[in-house]
Amino acid sequence: MTDLYSLPRQAVIQGVSYDLNTDFRVILKIFRVFEDESLHPMLRWLTALRLFYRQEVPPSHRQAAMEYLGEFLRCGGEDSPGEPLFSWDQDAAPIIAGVNAAAGREVRMEEDVHWWTFLGWFHAMPPGMFSSLVSIRKKLRKGQKLESHEEEFYRENKRLVALKPR
């Protein structure tokens with residue numbers, strides 16, 4: 001994986017350099033593809049590779065290309081264990097609001113926002129609707145008691161709090 005202090009726009013797979021589609025909107029499409037149960041798992045991967053790599057990846061490079069894509073999506077880190085506490089699609093509005101607050105601007109108006117930049121803003125979001133949703137979901141999952149303000153929020157917003165099945 002590339003140095004985390006730079007923003008990779010190319011990947012070298014078995015000695016061949018591939019240009020990457022690194023914009024956060026492309027990456028979010030890739031997540032949608034991976035969650036599409038109507039597609040065969042191999043078709044999900046092939047579609048994700050077509051979205052991510054600007055050139056055709058030959059079959060002999062696909063395994064390494066899939067591994068690179070996985071590392072890129074995680075920004076070089078590890079997978080989070082357990083069931084997710086949020087959905088990029090379902091929680092899009094509070095995620096974008098928080099990312100915009102962290103970035104200090106409307107990120108959707110920008111031409112090309114690298115996934116790692118977007119993810120950095122995502123991790124730097126100030127407390128708000130998104131953090132409330134995740135906190136309540138986490139407590140509910142663990143069977144922990146909600147604070148009175150969380151209980152009230154949950155009663156009034158059960159549809160927002162409940163993650164739709166994938």
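The values are calculated or read from the model by the stated rules, or taken from the named source; none is laboratory data. Bear in mind that the values here come from a model prediction, so they are computed numbers and not experimental data. Glycine also receives a Cβ, built like all others from the backbone with ideal geometry; neighbour counts cover every protein chain displayed. Accessible surface is based on the protein model in full, side chains and every heavy atom, while ligands, DNA and RNA are left aside. Shrake-Rupley method; radii C 1.70, N 1.55, O 1.52, S 1.80 Å.
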Task: Normalised alpha carbon radius of gyration of region 66-160 [divisor 2.2 N^0.38 Å] - done: 1.22
- [ ] Once you have the Cα-Cα distance between Arg159 and Ala124, take 0.36 nm times their residue separation minus that, and quote the gain in nm to one decimal.
- [x] 10.0 nm
Task: Low-density loop cleavage sites - GluC sites (Glu not before Pro) in region 114-166, where at most 12 other Cβ are within 10 Å (DSSP) - done: Glu147
TODO: Excluding residues fewer than 8 places away in the same chain, name every one of the lysines whose C-alpha is closer than 30 Å to that of Lys29.
DONE: Lys138, Lys139, Lys158, Lys164
- [ ] Rank these residues by their accessible area, most exposed first, probe 1.4 Å: Leu146, Leu39.
- [x] Leu39, Leu146
Task: Structure-derived mean projected area of the Cα convex hull in nm² - corresponding label in (i) 11.1; (ii) 11.8; (iii) 13.0 - done: (i)
Task: Dipole magnitude of region 7-120 about its Cα centre (Cβ charges: Lys, Arg +1; Asp, Glu -1), debye to nearest 20 - done: 280 debye
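Provide the gained length on full extension for the span Arg108 to Lys29, in nm with one decimal, where the gain is 0.36 nm per separating residue minus the Cα-Cα distance.
Working: separation 79, 0.36 × 79 = 28.44 nm, distance 1.46 nm.
So the extension gain works out to 27.0 nm.
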TODO: Output the relative contact order of the chain, whole-number percent, from Cα pairs under 8 angstrom with separation of 6+ residues.
DONE: 22 percent
Task: Computed [θ] at 222 nm, helices only, for the chain once each DSSP H run of length n ≥ 4 contributes -39500 (n - 2.57) - done: -15000 deg cm²/dmol
